[in-house]
1. Applying the selection to region 18-42, what residues are over 21 Å from E4 (Cα atoms) and either of a type in the set (V, I, T) or modelled with pLDDT of 85 or more (or both)?
2. In region 51-84, what count of residues is obtained for those that are at pLDDT below 85 and β-branched (V, I, T)?
3. Filter region 85-129 down to residues that are more than 20 Å from the chain's Cα centre (by Cα) and modelled with pLDDT under 85, then give me how many there are.
4. Please go through region 44-63 and pick out each residue that is of a type in the set (A, V, I, L, M) and part of a strand (DSSP E or B).
5. So, in region 134-156, of the ones that are under 21 Å from the mean Cα position of the chain (by Cα) and either part of a loop (DSSP other than H, G, I, E, B) or of a type in the set (S, T, N, Q) (or both), which residue ends up farthest from K100 (Cα to Cα)?
6. Among the listed residues A51, A13, A33, identify the single one that is surrounded by 13 or more Cβ atoms within 10 Å (Cβ to Cβ), in the same structural domain as N65 (by TED's automatic domain parsing) and small (G, A, S).
7. Which count do you get for residues in region 119-147 that are farther than 11 Å from R108 by Cβ, of a type in the set (D, E, K, R) and surrounded by 13 or more Cβ atoms within 10 Å (Cβ to Cβ)?
8. Given the criterion charged (D, E, K, R) and not in a loop (DSSP other than H, G, I, E, B), identify the matching residue among E130, E116.
Amino acid sequence: MIFEVMVGGKDKAHRLEIEKSGSGWKCRLGGSAIAIDAISPRPDVLSLIIAGRSYEIRREHTGTNLKIWIGSTCLPVELRDPRSLRSRLKAAGDKKGPAKIVAPMPGRVVRVLVGEDQEVEAGQGILVVEAMKMQNEIKSPKKGLVRKISTTAGAAVNPGDVLATIE
């Protein structure tokens, strides 16, 4: 598995490659090999031995944020799977030209958060779709102008239905 890791709110991403190897793990961080012995004694806790030193790592989810605790030190962490990132960018379409926002799941539109001809930022909420009693905010893939809202609050949507167009 390959991940991009950003620690402490810094803009620099570190490439992390992890592979199960016998009783331990093979790990490459930024191209350097690191031998790791890891176990998970309970959910969201990892016990690691790296170069003979023991570490207890705790993971904490707060809303959309991920924090890692190493002892009493708390570090905000952003973890990306490059394969997933590529697929999301591909699904969002090219940054140039109009981007169609499609329904990722069947559900019902609960709220429309923006109007037509309104400027939006990348990542800004466009509308909210409820599926299986969970509300999911559908966000703009790019900065631009909302050219068309193709649905209304209360409307049922199916996967792939065009909800809005951003130019």
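The values are calculated or read from the model by the stated rules, or taken from the named source; none is laboratory data. None of these values were measured; they are calculated from a predicted model. Backbone-built Cβ (ideal geometry, glycine too); neighbour counts: all protein chains shown.
1. If the condition is that a residue be over 21 Å from E4 (Cα atoms) and either of a type in the set (V, I, T) or modelled with pLDDT of 85 or more (or both), then I39, P41, R42 are the ones that fit.
2. Number of matching residues: 3.
3. Here the count works out to 2.
4. In the first step, residues of region 44-63 are kept if they are of a type in the set (A, V, I, L, M); the result is 45-46, 48-51, 57.
Result: V45, L46, L48, I49, I50, I57.
5. Taking region 134-156 as the starting set, the residues that turn out to be under 21 Å from the mean Cα position of the chain (by Cα) are 134-143.
Subsequent filtering for residues that are either part of a loop (DSSP other than H, G, I, E, B) or of a type in the set (S, T, N, Q) (or both) retains 135-136, 140-143.
Numbers: Q135: 20, N136: 17, S140: 9, P141: 9, K142: 11, K143: 13 Å.
That would be Q135.
6. Values: A51 fails: surrounded by 13 or more Cβ atoms within 10 Å (Cβ to Cβ); A33 fails: surrounded by 13 or more Cβ atoms within 10 Å (Cβ to Cβ).
Exactly one of A51, A13, A33 is surrounded by 13 or more Cβ atoms within 10 Å (Cβ to Cβ), in the same structural domain as N65 (by TED's automatic domain parsing) and small (G, A, S), namely A13.
7. Qualifying residue count for the region: 5.
8. Details: E116 fails: not in a loop (DSSP other than H, G, I, E, B).
From the options E130, E116, the qualifying one is E130.
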